[in-house]
Every structure is written in C-alpha cells, then in structure tokens.
Amino acid sequence: MNPEQFRELFPALRSTVWLDTPAAPPGADPVVQALHDTVSAWSRGEFDQHAWNAAAGEARGLFAQLAGADRATVSAHGSLAEAAATAARSLPPGPGEIVVAAEEFRSNLFPWLALARDGHRVVTVPARGGETRVEDLAGAVTHRTVLLAVSEVTSREGQRLDLPVLRAATDRFGARLFVNLTQSLGALRFDAEAARPDYLAVHGYKWLLCPRGAARLATRPDRVEELRPLAPNWKSTGPPYDYFGGPMHLADDASRCDASPAWFSWVGACAALRLLGSLDVGQVERHCLDLAARFTSQAATIGLARVTTGPPSHIVVLRTGHAERLAVRLSQRRIRATALGDRIRFGFHYFNNHHDMATTLRALERAVPGQ
C-alpha cells in the first residue's frame, strides 16, 4: 500500500492537515468500522463477550510481529504507565539506582520515582541546552545502576536516541534497559537485535493508530519468570480461565501480568495492527523521515530551528517564543500541531504528504514575527 492509498483511509485528512500524531492520530476507516460494528452489536444485544475477550490475545500476536518479540513474552495493559509500573514492580529488591531523563514523559518517569519507597534511588539526568543527551544518559549508568529507562523518540524534543549505545552502557555494568516505543513504533523500524531491551513498552494510541487503552509490555524471555502482576485478576492464570475461587496459580508466560481487557480498545487495536502489519516497514520509515527532514530544512529558512542537535526522527520540534500563538494560527487554517512551552511540535506519519508540509510552511511563514 503506497502513502496515498493509506491516506485515503483517514477521512479527517480531507479537510485537515494532521501533524499532531505525537498527541493522537485521526481514526482510520478499518479501526473506526471495527468500533462501530462492536458498539452496534452491543446496542442490539447481539455481541459475544468471549470474542471480545479474545481480541486482546489476537493483538498480542500482531504486536509481537511488529516489535520482533515472542508472543509468550508480551503482556496486555491499559497504558504506558501501567506497563512501566509492572516492570518496576518486577525488579529485584533494592538498594540500587534507576536512571531516567529528568524531562522524560511522566508515564515513563513517575513509575520509577515510586520505586524510591522500595529501597531504590532514582537518578534523574538533566537536559542540557533544552535536550536530553545520549552521552549524559549513558554516563549516568554506574555499577550501582539497576535499570536505565528511556524513550526511543523523545516527544518533547523529537530526537531518536541511539539505543545500541545505551544498551552497551547498561551491559558494561549488568544493568537492565527499559525502552518506551510509544512515539516511534508504527512509523520507525525497531531493531530488536541491536537494542536488546529487557523491557519494551508501547501505548498504541499514537503511531500504532489504536484506540486509547491498548498498551503492551514485552519482556526479555529470561526475565519473564520474574514478572509480578500489578493487579492480579482472572486473566492472570492463563487459559482455560475460571472466574471464582482460588488458589492463584499464575500463568507461566507474560500473560500473568495481563490487565482485564477493555473490550472496545482491543477490538480497535486488532484492526489497527492488522492495517499496519500490511505495510512495508522500511517504506513507511523512509517516507516519514524524508518528510520530517525536508520540513526541518525549510523551516530553518524562516527562522525556526530544531530544539535539539541530536539524531532526528519523524517528529520535528521547533523552538519559538510564540508557540501558543503559532498553534492557534495553524488551527485556524485547519492544521493540527501542539505547542509545548517554548517549542511547537509536528509529527509525520505515512498518511502525510508534501502538500501537508508545504501548506504548513506557508502558514508558519505568514505567522512567524518578522517574516
């Protein structure tokens, strides 16, 4: 499927330039149709809750293929924070240090800060010049480090962290690596063999095009036995499931940490993951990175530069003292982007095209003071 065919699946794009996928994408026809059919069946009383429950299991396999993981190592959660908290709960007891960027997204920060109550010390690595630097994260890892938690693409800066470098830093001291792919998987290829994360987490409601509430945690096979469910429930035992009485015998695989499924989220997630699974991952990445690079280059000619000198990604974050005003001006022209304090953020998915880029640059040129 080429980009224009993919674009046709998003009705919102007929009237809106959508560069706000780092916040959330518009609904794709197959996903919206799956949700419509589900709600209609619910309304008519003609639904099968067992089929709805099975959607989380189907999504497990679809996600495992995209992420390069073994499905037995994948657990289902409702958010990135829940996935991170599950990994945090499963760490060996302290004392030890958790290293995380000070400006990390809170759902990949607060679960680790909560570990301070369990004997661990959290080392927050400050940004320099407004950016989180790979060398600073790697340099903060020591013999005391238990785990380094990072996002492959940082949503506040739009840089793509060098995961093999960070993996090497943790390997030197026997520390673990937690990688959040929420802002990358679905647009960028993930090289599981190069990164070798101990834990890999994704909330699917951004670049994976899922409804909110469908998140996954993939755990390194030799760590699965250590996993401890955050909220044990009827799904924790593995099939065949029962609903009443004990004892609690946890599943042998990562499904022991499954949250009780939010039916509609997982029905929609299956449709989204099937759609993305039909695409050429390399073609998607090249398209997204090419648009982002061209946009970055042309934005610089009107005085808007990236906030970071770090490796670029499909997310472009430009520094400006007028972010809120620019976002409002863009919105008035039906262009979606997000203001973040002293910066404005744009994201390029496979459905975006050169017309989106050119339209946005023209709008920015009119709105930027002094142009």
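What follows is calculated from the coordinates using simple rules that are stated; it is not laboratory data. Because the structure is a prediction, the values reported are computed rather than measured. We place every Cβ from the backbone using ideal geometry, glycine too, and count neighbours over all the protein chains shown.
Checked against (1) surrounded by 14 or more Cβ atoms within 10 Å (Cβ to Cβ); (2) under 30 Å from Glu135 (Cβ atoms); (3) without any contact (Cβ under 8 Å) to a residue 24 or more places away in the chain; (4) not hydroxyl-bearing (Ser, Thr, Tyr), Gly321 passes all but a single condition, namely (1).
Conditions (1) more than 25 Å from Ala127 (Cβ to Cβ); (2) of a type in the set (A, V, I, L, M, F, W, C), marked per residue:
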residue	(1), (2)
Leu304	no, yes
Ser313	no, no
Leu318	no, yes
Ile335	yes, yes
Phe346	no, yes
His349	yes, no
Asn352	yes, no
Ala358	yes, yes
Arg362	yes, no
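Does the range 88-109 include one or more residues that are within 23 Å of the chain's Cα centre (by Cα), closer than 30 Å to His354 by Cα and aliphatic (A, V, I, L, M)? Looking through the range 88-109, none of the residues is within 23 Å of the chain's Cα centre (by Cα), closer than 30 Å to His354 by Cα and aliphatic (A, V, I, L, M).
The lone criterion from (1) touching a strand residue (DSSP E or B) at 6+ places or on another chain (Cβ under 8 Å); (2) more than 29 Å from Leu326 (Cα to Cα); (3) assigned to a loop (DSSP other than H, G, I, E, B) left unmet by Phe63 is number (3).
Within the range 53-65, residues that are over 12 Å from Gly268 (Cα atoms) have Cβ atoms under 9 Å from residues that are of a type in the set (Val, Ile, Thr) in these pairs: Arg60/Val74; Gly61/Val74; Phe63/Val74; Phe63/Val202; Ala64/Thr73; Ala64/Val74, counting only partners at least 6 apart in sequence or on another chain. Within the range 285-318, can you find the residues that are surrounded by 20 or more Cβ atoms within 10 Å (Cβ to Cβ) and under 17 Å from Ala187 (Cα atoms)? Scanning the range 285-318 gives His287, Cys288, Leu291, Ala292, Phe295, Ser313, His314, Ile315, Val316, Val317. Within the range 91-110, being part of a helix (DSSP H, G or I) and small (Gly, Ala, Ser) holds for one residue alone: Ser107. Within the set Ser278, Ser265, Ser260, Ser255, the sole residue that is closer than 30 Å to Asp70 by Cα and touching a Phe, Trp or Tyr at 6+ places or on another chain (Cβ under 7 Å) turns out to be Ser260.
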